[in-house]
Amino acid sequence: MSYRLAIASMSLGGPWIHNLTAKFTAAAEAGTPAIELFFKDLLHIATSLPSGPTPSNQLLAAR
């Protein structure tokens, strides 16, 4: 089994300070081909949607 280089999104800053787009950009500029998404990043996006972080909004944020 081979492994791909990745970085955890939480290593790129807290979701309340650094948005996910900035994290993707930073990882790409550093040559990191993959990001392991931290749940709090997903939850932060879901919280900004109408009705807050409901389960359906969490699924929507994951897309």
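Computed from the coordinates by the stated procedures, all read-outs in this text should not be read as laboratory data. If you're wondering where the values come from, they're calculated on a predicted model, not measured in any experiment. Because the Cβ atoms are built from the backbone with ideal geometry, glycine has one as well, and the counts that use them run over all protein chains shown.
Model label sites at Phe24 and Leu60, defined 7 Å from Cα along the beta-carbon direction, differ in position by 1.8 nm.
The phi torsions of the range 54-63, fed into the Karplus equation with coefficients 6.51, -1.76 and 1.60 and a -60° offset, translate into couplings of 5, x, 5, 5, 5, 5, 4, 5, 6, 7 Hz, rounded to whole numbers, with Gly and Pro shown as x. Each other residue within a Cβ distance under 13 Å of Leu37 adds +1 if Lys or Arg and -1 if Asp or Glu, for a net charge of +1.
Along the range 25-40 the Karplus relation, 6.51 cos²θ - 1.76 cosθ + 1.60 evaluated at θ = phi - 60°, assigns HN-Hα couplings of 4, 4, 5, 5, 5, 8, x, 7, x, 8, 10, 8, 7, 7, 4, 5 Hz to successive residues, with x for each Gly and Pro. Each of Phe39 and Ala6 was given a label point 7 Å from its Cα along the Cα-to-Cβ line. The distance between the two points is 1.6 nm. The alpha carbon centroids of the range 44-58 and the range 19-37 are separated by 22 Å. Build a GNM of the chain with springs between Cα atoms under 10 Å apart, and of Thr32, Thr21, Thr47 the one that fluctuates most is Thr21. In this structure the amide hydrogen of Ile35, modeled in the peptide plane, comes within under 5 Å of the amide hydrogens of Ile7, none closer than 5 places in sequence on its chain. Mean residue ellipticity, 222 nm, helices only, the chain: the sum of -39500 (n - 2.57) across DSSP H runs of n ≥ 4, divided by residue count and rounded to 500, is -12000 deg cm²/dmol.
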